[in-house]
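The values are calculated or read from the model by the stated rules, or taken from the named source; none is laboratory data. Computed from a prediction, not measured in an experiment: that's the story for all the values here. Neighbour counts run over all protein chains shown; Cβ positions are idealised from the backbone, glycine included.
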Amino acid sequence: MKENKKIIDEYGNEYETLQDFYNSPYLDPDIIYNYLVQGKRKPQNKKEQRWAKEGKYLREKGGYETFFN
């Protein structure tokens, strides 16, 4: 029998799959942007659609970098 492991974020929210975590509304905007550009997250609204399009353009030009403090 295979054990089903859930993903729990820092706020205690549980997710069935990694894809559910990537599409979570509770992520910080910089993480959301990063997942959108990498293609891990599906855009949830018009702002995220714009971010995904912008990030894809930057990535194609070789100018995409993500910085975290």
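Odds and ends about this structure:
- Of all the residues in the range 1-27, those that are assigned to a loop (DSSP other than H, G, I, E, B) and within 9 Å of the chain's Cα centre (by Cα) number 3.
- Members of the range 28-55 that are in a helix (DSSP H, G or I), surrounded by 13 or more Cβ atoms within 10 Å (Cβ to Cβ) and within 12 Å of the chain's Cα centre (by Cα): I31, I32, Y33, N34, Y35, L36, V37, Q38, E48, W51, A52
- The range 56-69, residues that are among the aromatic types (F, W, Y) and either surrounded by fewer than 14 Cβ atoms within 10 Å (Cβ to Cβ) or at pLDDT 95 or above (or both): Y57, F67, F68
- Inter-residue pairs, beta-carbon under 6 Å, first more than 16 Å from L27 (Cα to Cα) and in the range 48-69, second modelled with pLDDT under 85 and in a helix (DSSP H, G or I), 6+ apart: Y64/L58
- For the residues Y22, Y33, Y11, the requirement of being touching a Lys or Arg at 6+ places or on another chain (Cβ under 7 Å), free of Cβ contacts under 8 Å to residues at least 60 places away in the same chain and on the phi < 0 side of the Ramachandran plot singles out Y22.
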